[in-house]
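Below is one structure; the comments refer to it alone.
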Number of protein chains: 4
Amino acid sequence: MSAEKSKNILERLGNGEVIIGDGSYVNTLEKRGYVLAGCYTPEASVENPHAVEELAIEYARAGADITQTFTFYSRDVGTPKDVKLTCLEINKASCEIAKKVSNKWGTIVAGGIIQTAAFKQTRDKNDVQAELREGLEVLIQNDIDLIIVEYFRNIVEMEWAIELALSYGKPVAATMCIGPKGDASGVSPAECAVRMAKAGAPIIGINCLFDPFIALETISKMKAGLDGAGLSPYLMCQPLGYRTPDGGSYGWIYLPEFPHAMEPRQVTRYECARFAREAYNLGVRIIGGCCGIESYHIRAMAEELAPERNCLPTASRKSDLDLSTLKEKEDKGRPEFKGKGCKDYWMNLVPCTGRPLSAPMFRQADPETVNPSVLN
Amino acid sequence: MSAEKSKNILERLGNGEVIIGDGSYVNTLEKRGYVLAGCYTPEASVENPHAVEELAIEYARAGADITQTFTFYSRDVGTPKDVKLTCLEINKASCEIAKKVSNKWGTIVAGGIIQTAAFKQTRDKNDVQAELREGLEVLIQNDIDLIIVEYFRNIVEMEWAIELALSYGKPVAATMCIGPKGDASGVSPAECAVRMAKAGAPIIGINCLFDPFIALETISKMKAGLDGAGLSPYLMCQPLGYRTPDGGSYGWIYLPEFPHAMEPRQVTRYECARFAREAYNLGVRIIGGCCGIESYHIRAMAEELAPERNCLPTASRKSDLDLSTLKEKEDKGRPEFKGKGCKDYWMNLVPCTGRPLSAPMFRQADPETVNPSVLN
Amino acid sequence: MSAEKSKNILERLGNGEVIIGDGSYVNTLEKRGYVLAGCYTPEASVENPHAVEELAIEYARAGADITQTFTFYSRDVGTPKDVKLTCLEINKASCEIAKKVSNKWGTIVAGGIIQTAAFKQTRDKNDVQAELREGLEVLIQNDIDLIIVEYFRNIVEMEWAIELALSYGKPVAATMCIGPKGDASGVSPAECAVRMAKAGAPIIGINCLFDPFIALETISKMKAGLDGAGLSPYLMCQPLGYRTPDGGSYGWIYLPEFPHAMEPRQVTRYECARFAREAYNLGVRIIGGCCGIESYHIRAMAEELAPERNCLPTASRKSDLDLSTLKEKEDKGRPEFKGKGCKDYWMNLVPCTGRPLSAPMFRQADPETVNPSVLN
Amino acid sequence: MSAEKSKNILERLGNGEVIIGDGSYVNTLEKRGYVLAGCYTPEASVENPHAVEELAIEYARAGADITQTFTFYSRDVGTPKDVKLTCLEINKASCEIAKKVSNKWGTIVAGGIIQTAAFKQTRDKNDVQAELREGLEVLIQNDIDLIIVEYFRNIVEMEWAIELALSYGKPVAATMCIGPKGDASGVSPAECAVRMAKAGAPIIGINCLFDPFIALETISKMKAGLDGAGLSPYLMCQPLGYRTPDGGSYGWIYLPEFPHAMEPRQVTRYECARFAREAYNLGVRIIGGCCGIESYHIRAMAEELAPERNCLPTASRKSDLDLSTLKEKEDKGRPEFKGKGCKDYWMNLVPCTGRPLSAPMFRQADPETVNPSVLN
């Protein structure tokens, strides 16, 4: 447990710490029966707070330094028809859960705002900032430790959001949901990164939509842009927990399996370990996950970076970290465990679906949006 | 909620009810950070009872009529080295959690016993029954509603276990972990079924090790044997939640991905719906899951059989059961949702791994044990 | 070369010889530009005799003991619209080519008759035999050495064909184009085999439609039937050169790739070696191929059975039979040849398509006809 | 037939003609039993001239405007041990075969020289040109129509070869066997192209090693370089007939299937049609193939470009060019032909291997050399 650590993320990053983020809420709670698929709203914070809290605890035990509030994300997203709660009621409950977990586990409470309905409708800066302000105020009233300006697909809107977020005097992290091809208008990752940094965000990066390795490709382009401009904000990466090489410019959204048959694409703990190592090597210092990243994935990231972080997660007590339980069986000559007591085995394994008719990737409706080398 | 329903499973089956079982504990709690991989013991019932209770609640909300106690399963399984709890302490805590959930949700509390260390060592009936008795007594002291004699690979040991279990005057369900090729000595599923029924088990079937569709193949052979012998016990099926066509006689245990990279093999909710329907059509009346079957899978089974059961799970409030949230987006002309608002789309989808190098199945170390038509 | 060997196949089989058949004509000559796809008629024997002769020579050099005449196969197959040749003219030219090759290479000249238009239309024995007689007479006039009654899907028609063929006093081989599920009316392979043998055919077996390993499954069922009936005709197997596990009851015909994209399914020379060995072990003594089996496949079969045949094909002079050319490169430390100088490497290799989006098998339009264990 | 056309390729290109090259000799003749695998030398021109001539005729009938001599390619390649023929004897016979076919079919006779042993050993220009001169002289004595300087992996050696080739006063085409990453020293395709053009080659491009679509990626980079330098030589592309996305910097050579199990990677006729169209659109005007491209592939290219070429190949008489034979069956309601009477069906089909355990691509021994987006 890291109960005595500072809750100021910039202070900790400044001390050279590698910060682990948390993982998926909405996606995981949908599978647990508390969030409506298709709608994906956080009324569970009021309806079933124990379930939300349990998940937040899981992430904290898995090594997450951050507890993100399970708050409403946009003005144009309604709750399911049978839910009569107001957005404010829900977000307040969400903040309380996050604070409670933070009090016990010492995590940094982070609250997010995302792309607006206003931007799509008016592209007017005042409208956009007004909508974002609504979302931010409940977070500020609950005195969160970190504002995450996330899931933006337009660098212009992102710049307005950063400007607003910085005005509250809290640490701000800014992450876009873009791939290697850039933002919705085709602005390159390199330029997006430079503009986010110039807008003043001390932490920049990407989140959601794309798989961990595509996300790193994007981060790598961002870093090249920042290096070229002589800028060095902290880098953050919270990718999807599903493999999406055939996903096009919207990542998983356009996949045939989205949203109800993503299982075979879910990453393994060893893919997450590889991601964490590669992210670290690229210079990323806030490493976490988005939809599809569950607590054992976060634990795998925290364990991979244990040498750099000088600590193991609480949940590592229940992790076969050195593979000794498998090694023991292998050493007894049990053929089904042959080779499995070694990390390399798992790092190199390419897992199967067990579905005789499955192809590894889908042919895309919109080949324009896909890496042509994959489609040839 | 089914709070007023009888907790006597035989009474309910006698009334023509289709019973839904619950899903995976050990496997799911390992991913949540509460169970040690490789060891797989239930000390979480003492260490983190909230997590065990949360999972039991999830299953009840998903439509499970049964809450299985998360109890120790065998004399020769030690706890992790750093755990000082006794088996009795753990099992008692597990029973209490199950009872608590049952009191609130009206579920049938089931406790299981499994294959013994004694059988492997001595093959002596007295030894075997002595070991099983240890496991059973804590269950009886806690007044469970149903004994499940499960995960046996030898019909002889199973017969001894049934004999013992019946002596307590509780309803007994007997399930073996065998595939279409039969038990560890090559006794066919048909003969196993007949012998279990003749041993007096009113409910017989299979659990674990094999995927839902292979499990149904085994059940189908069992049923043929029973029909031939003029016997008609209730049938029960609680398969693995992972696809294992290439798994050999031990199912998933021999797969290269076992246990740390099974994700791409995990079944989807629609594969579970198909399983539930086919199981029902085969005459199976207790339908649930084992490792890899999570609460949304159980919900999918309960929803598929809602017409036969005359009820929907609590968690269906958060289920896009009629796919209307997707249909709505499809109707707005959003290309990424094309066709997705229709159950057939999901029932027919063969999902991809998103890993360009993955084959659908692995070549087996031991081809003897695999269906040759798959390997040719 | 086997110039001095007897041209009486029964005599040679009686001496314990393993006979190698030849491979594909119509399919291979289509690729070489001499046969019209879709029509698949043999006018090339008149139009481009050099091309037909070249192919026959290839098979003889590859070890084939048989040269099959490239003759017309059925009354209801017309020539392409621009071809004015009569069936008699074509078949006569085809016989002459086969005789010429036989004179030089010592091969047995075989002529085939196949399922009739008459059977589909009238199911009248006289009509059927009248149509078959037309086809047979040009073969008899050219004094062929062996009649092959092949590509029948109905055991009744086959029995009539055998009766007629035997009346000419020539050796007769009878092969059906059926899979493990039996003939068009569902008569099992075992019963078909027994009835063919009882009809008097000294050589029986199967040809075309199914891949080598499915063909062996069918042969194995035939053999079980024959053994049960105390019959022991010689067995013959001339399968397709394409892998068809997902092909249904008509084999390759129902595959999405038929006929213009079969390349990725084509067997390798090592798959043919495995086929020849397994066929031999099953007791098959006339081993060859049908569509998709080319001369290097025939050579691989003949080489695999060289110890049993006491001879190597002429074309083995140009075969890297002992893999020494690869071994030499491997021994020089060239990484691209690592392991390749060893037969086991090739026997165990599962080759890739090199098409990132390809699944190994197709989902079938008609799942009824496919092995369900493949489709699950 | 194009008997009256000029045999001067530059004249014809100058008139706007699209030239079709021929396909594979060594690879195809190995399968036909006339070339020793591993050695790959052309002694068949003396030993079995009919087989070499037959193949050359196939290409001419398929629409090839060029007949390449099946000549020896390098000083350091010995013949198989049992061959006592001299290099000169073989090459002379090869030229005679090509001339004979050219006389009948009106094709341009092309002779090739390739990378030298001298370059590897000494990197001395005089040595290299001396070795190349040996190869060229027999071609010049036989008065060929076109010198192809091909299969070079170093731009320096290529420049020397072009200089020498131009000295004979014949048209010269220069093609390198490089992929998108450039030559053996890392010189980019763009720079290679510019240097070949500046060395005076009127026709430049690539051949062998990589599949058609990777080849076009390379050509596209070459063209960008040429455009940038204001140069516009004619472009030529003769790729491999096997799919190699996972092939690394040496293309197919490093694939596990090379050379004896390439079948599943072989391109279909429709993949060739697509290649020809895309090549034409890129500005390529000499379009043919290398290893794995057979006569029906060349025919498909010529047919695809029939509108641009104002002619159909001779062998199109036997081609189901408009798919009418399939369409007819489809129109009769035969389910196995559903959709197949339409070119789009075939252009969009992703064919299967029919091997349940096959992955689409292989994991590479040397991931450095592979497109990382494919390997992730």
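The values are calculated or read from the model by the stated rules, or taken from the named source; none is laboratory data. Only a predicted model underlies this, so the values are computations on that prediction, with no experimental measurement involved. Here the Cβ is made from the backbone with ideal geometry for all residues, glycine too, and neighbour counts use every protein chain on show. Accessible surface is based on the protein model in full, side chains and every heavy atom, while ligands, DNA and RNA are left aside. Shrake-Rupley method; radii C 1.70, N 1.55, O 1.52, S 1.80 Å.
Please indicate, with yes or no, whether at least one residue in the stretch D:53-68 is closer than 18 Å to D:ARG299 by Cβ, open to solvent by less than 20 Å² (accessible area, probe 1.4 Å) and of a type in the set (S, T, N, Q).
Looking for residues that are closer than 18 Å to D:ARG299 by Cβ, open to solvent by less than 20 Å² (accessible area, probe 1.4 Å) and of a type in the set (S, T, N, Q), one finds at least one in the stretch D:53-68, hence yes.
Yes or no: the stretch A:265-282 includes at least one residue that is crowded, with 21+ Cβ neighbours inside 10 Å, farther than 27 Å from B:GLU294 by Cβ and more than 9 Å from chain B (Cβ to nearest Cβ).
The answer is yes, given that some residue of the stretch A:265-282 is crowded, with 21+ Cβ neighbours inside 10 Å, farther than 27 Å from B:GLU294 by Cβ and more than 9 Å from chain B (Cβ to nearest Cβ).
Is the stretch D:286-296 home to any residue that is within 11 Å of chain C (Cβ to nearest Cβ), modelled with pLDDT of 95 or more and assigned to a helix (DSSP H, G or I)?
Scanning the stretch D:286-296, I find at least one residue that is within 11 Å of chain C (Cβ to nearest Cβ), modelled with pLDDT of 95 or more and assigned to a helix (DSSP H, G or I), so the answer is yes.
Could you go through the stretch D:249-259 and let me know if any residue there is of a type in the set (A, V, I, L, M, F, W, C), open to solvent by 10 Å² or more (accessible area, probe 1.4 Å) and either outside any loop (DSSP other than H, G, I, E, B) or touching a Pro at 6+ places or on another chain (Cβ under 7 Å) (or both).
yes
Search the stretch D:202-232 for residues being in a loop (DSSP other than H, G, I, E, B) and buried (at least 22 other Cβ atoms within 10 Å of the Cβ), and hand back the single one that is farthest from the other protein chains (Cβ to nearest Cβ).
D:CYS208
Which residues, counting only those in the stretch D:172-201, are more than 13 Å from D:PHE152 (Cβ to Cβ) and open to solvent by 50 Å² or more (accessible area, probe 1.4 Å)?
D:LYS181, D:GLY186, D:GLU191, D:LYS198
From (1) closer than 25 Å to A:GLY289 by Cβ; (2) touching a strand residue (DSSP E or B) at 6+ places or on another chain (Cβ under 9 Å); (3) of a type outside the set (Val, Ile, Thr), pick out the condition that doesn't hold for A:ASP143.
(1) is the only condition that A:ASP143 fails.
Output the number of residues of the stretch A:325-352 satisfying the condition of being among the aliphatic types (A, V, I, L, M) and without any contact (Cβ under 8 Å) to a residue 60 or more places away in the chain.
2
Give, as residue ranges, the helices (runs of 4 or more DSSP H) completely inside the stretch B:48-156 that count at least 2 residues that are away from every other protein chain (no Cβ under 14 Å) and either touching a Ser or Thr at 6+ places or on another chain (Cβ under 8 Å) or not aromatic (Phe, Trp, Tyr) (or both).
Result: B:87-105, B:117-121, B:125-141.
Kindly indicate whether D:PHE362 is modelled with pLDDT under 90, within 11 Å of chain C (Cβ to nearest Cβ) and within 27 Å of C:GLY241 (Cβ to Cβ).
The answer is yes for D:PHE362.
Return the residue satisfying two criteria in turn: it lies in the stretch B:308-328 and is of a type in the set (A, V, I, L, M, F, W, C) and assigned to a helix (DSSP H, G or I), and of such residues it is nearest to the chain's Cα centre (by Cα).
In this case the residue turns out to be B:ALA315.
Which one is nearest to the other protein chains (Cβ to nearest Cβ) among residues in the stretch A:337-359 that are assigned to a helix (DSSP H, G or I), buried (at least 18 other Cβ atoms within 10 Å of the Cβ) and touching a helix residue (DSSP H, G or I) at 6+ places or on another chain (Cβ under 8 Å)?
My answer is A:TRP346.
State all residues of the stretch A:9-40 that are open to solvent by less than 10 Å² (accessible area, probe 1.4 Å) and in contact with a Cys (Cβ under 7 Å, 6 or more places away or on another chain); if no residue qualifies, say none.
A:SER24
Give the number of residues within the stretch B:15-47 that are free of Cβ contacts under 8 Å to residues at least 40 places away in the same chain, in a loop (DSSP other than H, G, I, E, B), of a type outside the set (Phe, Trp, Tyr) and facing another protein chain (nearest Cβ under 10 Å).
Residues in the stretch B:15-47 being free of Cβ contacts under 8 Å to residues at least 40 places away in the same chain, in a loop (DSSP other than H, G, I, E, B), of a type outside the set (Phe, Trp, Tyr) and facing another protein chain (nearest Cβ under 10 Å): 3 in total.
Whether any residue in the stretch A:300-313 is without any contact (Cβ under 8 Å) to a residue 12 or more places away in the chain, more than 9 Å from chain B (Cβ to nearest Cβ), in contact with a Ser or Thr (Cβ under 9 Å, 6 or more places away or on another chain) and open to solvent by 10 Å² or more (accessible area, probe 1.4 Å) is what I want to check.
Taking every residue of the stretch A:300-313 in turn, at least one turns out to be without any contact (Cβ under 8 Å) to a residue 12 or more places away in the chain, more than 9 Å from chain B (Cβ to nearest Cβ), in contact with a Ser or Thr (Cβ under 9 Å, 6 or more places away or on another chain) and open to solvent by 10 Å² or more (accessible area, probe 1.4 Å).
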